[in-house]
1. Based solely on its DSSP helices, what 222 nm [θ] is calculated for the chain when runs of n ≥ 4 H residues each add -39,500 (n - 2.57) and the sum is averaged over all residues, nearest 500 deg cm²/dmol?
2. Quick check on region 234-325: take the gyration tensor over C-alpha atoms, sort the square-rooted eigenvalues as a ≥ b ≥ c, and tell me if it's rounded (a/c under 1.5), prolate or oblate.
3. From the phi angles alone, apply the Karplus equation (6.51, -1.76, 1.60; θ = phi - 60°) to region 312-323 and give each ³J(HN,Hα) in whole Hz, x where the residue is Gly or Pro.
4. Using θ = phi - 60° and the Karplus form 6.51 cos²θ - 1.76 cosθ + 1.60, what ³J(HN,Hα) does each residue of region 201-214 get, whole Hz, x for Gly and Pro?
5. Helix 110-122 versus the longest principal axis of the chain: what angle, 0 to 90°, nearest 10, using Cα atoms?
6. Rounded to the nearest Å, what's the spacing between the alpha carbon centres of region 3-29 and region 195-273? Just the number, please.
7. What's the ranking of 11-18, 77-84 by average number of surrounding C-beta atoms within 10 Å, highest first?
8. Students often forget the sequence filter, so: which lysines lie under 23 Å Cα-Cα from Lys41 once same-chain residues fewer than 8 apart are removed?
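The values are calculated or read from the model by the stated rules, or taken from the named source; none is laboratory data. Only a predicted model underlies this, so the values are computations on that prediction, with no experimental measurement involved. Glycine also receives a Cβ, built like all others from the backbone with ideal geometry; neighbour counts cover every protein chain displayed. Keep in mind that these areas ignore ligands, DNA and RNA; they rest on the heavy atoms of the full protein, side chains included. Shrake-Rupley method; radii C 1.70, N 1.55, O 1.52, S 1.80 Å.
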Amino acid sequence: MAVVKADGYGHGALQVATAALEAGAGWVGCAHVTEALALRKAGIEAPMLAWLHTHDTPFDDAIAAGIDLGVSGWDLDAIAASAQRLQAPARIHLKVDTGLGRNGSTMADLPGLLQRASEYQEAGLLRVVGIFSHLAVADEPERPETDMQLAVFDEAIALVEAAGFDLEVRHIANTPGILSRPDSHHELVRLGLGLYGLSPFENETPGSFGLRPAMKLVTRVANVKKVPLNQGVSYGLSYHTTAETYLGLIPLGYADGLPRIATGAPVTINGKSYPVRGRIAMDQCVIDLGPDVDPADFLGVEAVIFGEGGQSVNTWAYAANTINYEVVTRISPRVPRYYIQGSWGEAGE
Ligand SMILES: *Cc1c(COP(=O)(O)O)cnc(C)c1O
């Protein structure tokens, strides 16, 4: 299952889903029904699952569009009511909380949920086709909790099967589970971060798994100018130049998704990295190019924030005290996306 929630982790849900399906993925996964509906509308016909609902979730539309629904508890009745209105059965994946403490039915509540699901299924309002759960610490393979979660998941599967449901798929593995726990795979795995070529492990690079980061965030140097010693830089004047130097202006800021906290993170120009100096503003930030440069070598030249030809997403994540997931996901809609189709040489929208 290609997980393309949050606009494909900032990469573009439709483009990623299309590429993943062409490459052999069997399913598409979204958090919200609205995300899945947008993909259906755009022509994605593959099996699709959405698992995070509120009382405003358009279950009628989901059932009509053939979107499978994760069910954690209260949502079962709302979905059954929608199925009744539509006179069409919903396809349900029961979600079990095996230890994450977030969404999903507790093991204590599971028998009751199975009872209700069984009644709805007999009434022709739904079919339970899957059971799933989510891992909490699989990115830290040395921790024991993953073993415990997998054992609880096995218990839950046994309960569901004993209740007479004929499951098509059982799924618990996310990217770290896929990469480090083959025993978690069952019939289906839900691949998010790895799909985008990033590593979920703190000490392992994407390359160590044969992954290549898909996103390159790049702009052009928007201005270069000579400034004197002790020039204050950006809001708050928190940085002052220590000598006469050239400053380069980078036209990306926190409105584009650069974390404001990441002052000091590197911007790479022609293979050399320059730390961001002073505060990152809404639309722009500043790098110190040094005293002995020809402005013509920089003005209008490609400046890589992260990705091919620059530093890794993880470097920016570290500078922002966050994880690579957040850095790519928060790149805002103001930044145009260009997609490289097939070969790495040809760019097009
Ligand atoms: C986001 C998400 C995933 C994908 O996780 P990755 O670590 O990015 O692979 C899988 N399952 C669920 C339920 C999710 O919310």
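1. -7500 deg cm²/dmol
2. oblate
3. 7, 3, 4, 4, 5, 4, 4, 5, 9, 6, 9, 10
4. Working through the residues one at a time gives 9, 4, 10, 10, 7, x, x, 5, 10, x, 9, 10, x, 7 Hz.
5. Between helix and principal axis, roughly 70 degrees.
6. 28
7. So the order, starting with the most tightly packed, is 11-18, 77-84.
8. Once the sequence-local lysines are set aside, what remains near Lys41 is Lys5.
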